[in-house]
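Structure record follows, encoded as structure tokens.
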Amino acid sequence: MMLLLDTHILVWALLADPALTVQARTLLTDPANTIFASSVSYCEVAIKRSLGRSGLACSAQDLAGYVSHCRIGVLDLRPAHVITLETLPWIHRDPFDRMLIAQALTEPMRLVTHDKTVARYSNTIITV
């Protein structure tokens, strides 16, 4: 299965945060799954950290190093994703989450998230 990780799932994995559920750990370590991070997550971490927002205890550089070290694929934001983004209903207002949703739906990939509001977009989204 091709999995796109929500930014918080990615950060929690990097930090070995206890918030990362057993279900999420199982998905991340299953060799049958191909794991991807989005370039959108790098942007989210960089912007939120530069604004001094708490909750993201790593930098975009830390995230990039983790993704590289773990051999996680990187999915760049492409025009096809933006076209899907434009058509999404306004269930969720967070622009970063909306971009991740659009990417997952366009590819298609299964988005792994902890956010139940994000999961309302599709039954292909995995809430952990």
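For (1) touching a strand residue (DSSP E or B) at 6+ places or on another chain (Cβ under 7 Å); (2) hydroxyl-bearing (Ser, Thr, Tyr), each residue gets a yes or a no:
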| position | (1), (2) |
| --- | --- |
| Trp12 | no, no |
| Thr26 | no, yes |
| Gln61 | no, no |
| His69 | no, no |
| Ile72 | yes, no |
| Val82 | no, no |
| Leu100 | yes, no |
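Which condition number in (1) surrounded by 17 or more Cβ atoms within 10 Å (Cβ to Cβ); (2) more than 12 Å from the chain's Cα centre (by Cα); (3) closer than 23 Å to Leu27 by Cβ is the one that Leu100 fails?
(2)
I need the full set of residues from region 60-81 which are within 11 Å of Leu10 (Cβ to Cβ) and hydroxyl-bearing (Ser, Thr, Tyr), in order please.
Matches in region 60-81: Tyr66 only.
Pull out all pairs, ordered by first then second residue, where Cβ-Cβ is under 7 Å, the residues are six or more apart or on different chains, the first lies in region 1-26 and is more than 21 Å from Met99 (Cβ to Cβ), and the second is acidic (Asp, Glu).
Short answer, once both residue conditions are applied: none.
Please determine, by comparing only the residues of region 72-97 that are of a type outside the set (Val, Ile, Thr), in contact with a Ser or Thr (Cβ under 6 Å, 6 or more places away or on another chain) and assigned to a helix (DSSP H, G or I), which one is surrounded by the most Cβ atoms within 10 Å (Cβ to Cβ).
Restricting to residues being of a type outside the set (Val, Ile, Thr), in contact with a Ser or Thr (Cβ under 6 Å, 6 or more places away or on another chain) and assigned to a helix (DSSP H, G or I), the top hit is His81.
Just wondering, is there one or more residues in region 115-126 that are loosely packed, with under 13 Cβ neighbours inside 10 Å, among the aliphatic types (A, V, I, L, M) and either out of contact with any Phe, Trp or Tyr (no Cβ under 8 Å at 6 or more places or on another chain) or not in a helix (DSSP H, G or I) (or both)?
no
Test Thr7 against the stated conditions and say whether it is surrounded by 14 or more Cβ atoms within 10 Å (Cβ to Cβ), in contact with an Asp or Glu (Cβ under 7 Å, 6 or more places away or on another chain) and of a type in the set (Ser, Thr, Tyr).
Here the answer is yes, as Thr7 does meet what is asked.
Among residues belonging to region 18-46 that are assigned to a helix (DSSP H, G or I) and over 15 Å from the mean Cα position of the chain (by Cα), point out the one that is farthest from Ala104 (Cα to Cα).
The qualifying residue farthest from Ala104 (Cα to Cα) is Val22.
Taken together, the values in this text are just the output of simple stated rules run on the coordinates, not laboratory data. Predicted, not measured: the structure shown is a model, and the values here were computed from it. All Cβ positions, glycine included, derive from the backbone under ideal geometry; neighbour counts span all protein chains shown.
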